[in-house]
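**Q** Dumping the structure here so I can ask a few things about it.
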Amino acid sequence: MSKRINRDEAYNLLHKYVKGENYLTHSYAVEAIMRGIAKKIAPEEVEFWGICGLLHDLDEETCDWRNDMSTHGPVSVEILEKEGFYDKELCDAIMAHNPLSGKIAKTTLEYAVLAADPMSGFVKAVAQIYPDKKLASVKPKSVKKRFKEERFARGANRQYMMAIEETGISYDDFILIALESMREISDEIGL
Ligand SMILES: [Fe+2]
């Protein structure tokens, strides 16, 4: 029987399958942004939305994404099943963060994780422009400006970031949410 995973179990599971420091801090950042989004649109589900963020890349070091990007997501689902934590909402959200898995986002939760993933990397890239490389130096205006520069942080998919608007949150508000949420854990993520 599967049961809905709690935050401690999710944290331990993440650490069991993911060892790379960059992957871990990325997971914490996406968790923080997901919590920030949930506070606005799903206040009863803040912990669960955070967990979806925390575990979205659970299979990063297990699946063969370098050769086959479609495995990124389905392998996380296999891990959750094996560990007794299968949960449809969680698994659908994890799958939907990578449309190449074949799962297309349809719910607000799925759109949120699709958008939060690249946004975390994008905000980090903006912070790294500053001499102190700190989130404290980043202004929402600069995040907006850089968004339009195609060559800046190319890996951050702009279309996925814009998917936030499907949740009813504007892109401008999303920038504020992401900055504020990541600042709350700046020590943990080294920014
Ligand atoms: Fe990710």
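**Q** Starting from segment 115-131, take each residue that is within 16 Å of I177 (Cα to Cα) and list its partners that are away from the ligand (no atom under 12 Å from the Cβ) and among the β-branched types (V, I, T), counting only C-beta distances under 6 angstrom and pairs at least six apart or across chains.
**A** If the second residue must be away from the ligand (no atom under 12 Å from the Cβ) and among the β-branched types (V, I, T), the pairs left are A115/I164; V126/V138; V126/V143; A127/V138.
**Q** State yes or no: is E47 out of contact with any strand residue (DSSP E or B) (no Cβ under 9 Å at 6 or more places or on another chain), surrounded by fewer than 24 Cβ atoms within 10 Å (Cβ to Cβ), assigned to a loop (DSSP other than H, G, I, E, B) and at pLDDT 95 or above? Talk me through it step by step, then tell me what you get.
**A** On the way: out of contact with any strand residue (DSSP E or B) (no Cβ under 9 Å at 6 or more places or on another chain): yes; surrounded by fewer than 24 Cβ atoms within 10 Å (Cβ to Cβ): yes; assigned to a loop (DSSP other than H, G, I, E, B): no; at pLDDT 95 or above: yes.
Considered against the rule, which asks whether it is out of contact with any strand residue (DSSP E or B) (no Cβ under 9 Å at 6 or more places or on another chain), surrounded by fewer than 24 Cβ atoms within 10 Å (Cβ to Cβ), assigned to a loop (DSSP other than H, G, I, E, B) and at pLDDT 95 or above, E47 comes out as no.
**Q** Given the structure, is K39 of a type in the set (K, R) and within 18 Å of F174 (Cα to Cα)? Full working, then the answer.
**A** On the way: of a type in the set (K, R): yes; within 18 Å of F174 (Cα to Cα): yes.
In short, yes.
**Q** Oh, and also: Looking at segment 123-182 only, could you name the residues that are hydroxyl-bearing (S, T, Y) and either part of a helix (DSSP H, G or I) or buried (at least 17 other Cβ atoms within 10 Å of the Cβ) (or both)? Please lay out each step first, then the result.
**A** If we filter segment 123-182 for residues that are hydroxyl-bearing (S, T, Y), which is where we start, we get 130, 137, 142, 160, 167, 170-171, 181.
Answer for segment 123-182, where residues must be hydroxyl-bearing (S, T, Y) and either part of a helix (DSSP H, G or I) or buried (at least 17 other Cβ atoms within 10 Å of the Cβ) (or both): S137, S142, Y160, T167, Y171, S181.
**Q** I would also like to ask the following. Can you give me the number of residues within segment 90-104 that are outside any helix (DSSP H, G or I) and surrounded by 22 or more Cβ atoms within 10 Å (Cβ to Cβ)? Can you show your working first?
**A** Step one: list which residues in segment 90-104 are outside any helix (DSSP H, G or I), which gives 97-98, 102-104.
When the remaining residues are screened for being surrounded by 22 or more Cβ atoms within 10 Å (Cβ to Cβ), the result is 97-98.
Going through segment 90-104 one residue at a time, the tally reaches 2.
**Q** Moving to a separate point now. Which condition number in (1) under 22 Å from A42 (Cβ atoms); (2) within 14 Å of the ligand (Cβ to nearest atom); (3) in contact (Cβ under 8 Å) with a residue 24 or more places away in the chain is the one that Y111 fails?
**A** Looking at each condition in turn, Y111 falls short on (2).
**Q** Oh, and also: Take the residues in segment 67-89 that are within 16 Å of the ligand (Cβ to nearest atom) and outside any helix (DSSP H, G or I), then tell me which one is surrounded by the fewest Cβ atoms within 10 Å (Cβ to Cβ).
**A** If we take residues in segment 67-89 being within 16 Å of the ligand (Cβ to nearest atom) and outside any helix (DSSP H, G or I), then H72 is surrounded by the fewest Cβ atoms within 10 Å (Cβ to Cβ).
**Q** While we're on this one: For segment 50-66, enumerate the residues that are more than 19 Å from M162 (Cα to Cα), in a helix (DSSP H, G or I) and within 11 Å of the ligand (Cβ to nearest atom).
**A** Matches in segment 50-66: L54 only.
**Q** Scan segment 132-171 for residues that are over 18 Å from the mean Cα position of the chain (by Cα) and without any contact (Cβ under 8 Å) to a residue 40 or more places away in the chain and report the count.
**A** The qualifying residues number 14.
**Q** In the set K124, K141, K106, which member is basic (K, R) and within 16 Å of the ligand (Cβ to nearest atom)?
**A** Numbers: K141 fails: within 16 Å of the ligand (Cβ to nearest atom); K106 fails: within 16 Å of the ligand (Cβ to nearest atom).
That would be K124, the only listed residue that is basic (K, R) and within 16 Å of the ligand (Cβ to nearest atom).
**Q** In addition: So, in segment 105-122, of the ones that are hydrophobic (A, V, I, L, M, F, W, C) and surrounded by fewer than 24 Cβ atoms within 10 Å (Cβ to Cβ), which residue ends up farthest from F147 (Cα to Cα)?
**A** Restricting attention to segment 105-122, the residues satisfying the condition of being hydrophobic (A, V, I, L, M, F, W, C) are 105, 109, 112-116, 119, 122.
Applying the additional criterion that residues be surrounded by fewer than 24 Cβ atoms within 10 Å (Cβ to Cβ) yields 105, 122.
Numbers: A105: 22, F122: 8 Å.
Checked segment 105-122; the qualifying residue farthest from F147 (Cα to Cα) is A105.
**Q** Search segment 53-78 for residues that are more than 18 Å from M34 (Cβ to Cβ) and pair each with any residue that is assigned to a loop (DSSP other than H, G, I, E, B) and more than 15 Å from the ligand (Cβ to nearest atom) when their beta-carbon atoms are under 6 Å apart and the residues are at least 6 apart or on different chains.
**A** Once the first residue is more than 18 Å from M34 (Cβ to Cβ) and sits in segment 53-78, its partners that are assigned to a loop (DSSP other than H, G, I, E, B) and more than 15 Å from the ligand (Cβ to nearest atom) give T71/D64.
**Q** Related question: For segment 11-36: of the residues being buried (at least 17 other Cβ atoms within 10 Å of the Cβ) and away from the ligand (no atom under 15 Å from the Cβ), which is nearest to E60 (Cα to Cα)?
**A** Selected residue: L13.
**Q** Got a number for residues in segment 10-38 being touching a residue at least 24 places away in the same chain (Cβ under 8 Å) and assigned to a helix (DSSP H, G or I)? Before you say what the answer is, go through the steps one by one.
**A** First pass over segment 10-38, keeping only residues touching a residue at least 24 places away in the same chain (Cβ under 8 Å): 10-11, 13-14, 17-20, 23, 25-30, 32-38.
Now restrict to residues that are assigned to a helix (DSSP H, G or I): 10-11, 13-14, 17, 23, 25-30, 32-38.
Residues in segment 10-38 being touching a residue at least 24 places away in the same chain (Cβ under 8 Å) and assigned to a helix (DSSP H, G or I): 19 in total.
The values are calculated or read from the model by the stated rules, or taken from the named source; none is laboratory data. Computed from a predicted structure; not experimentally measured. A quick note on method: Cβ atoms are made from the backbone with ideal geometry, for glycine too, and the neighbour counts reach across all protein chains shown.
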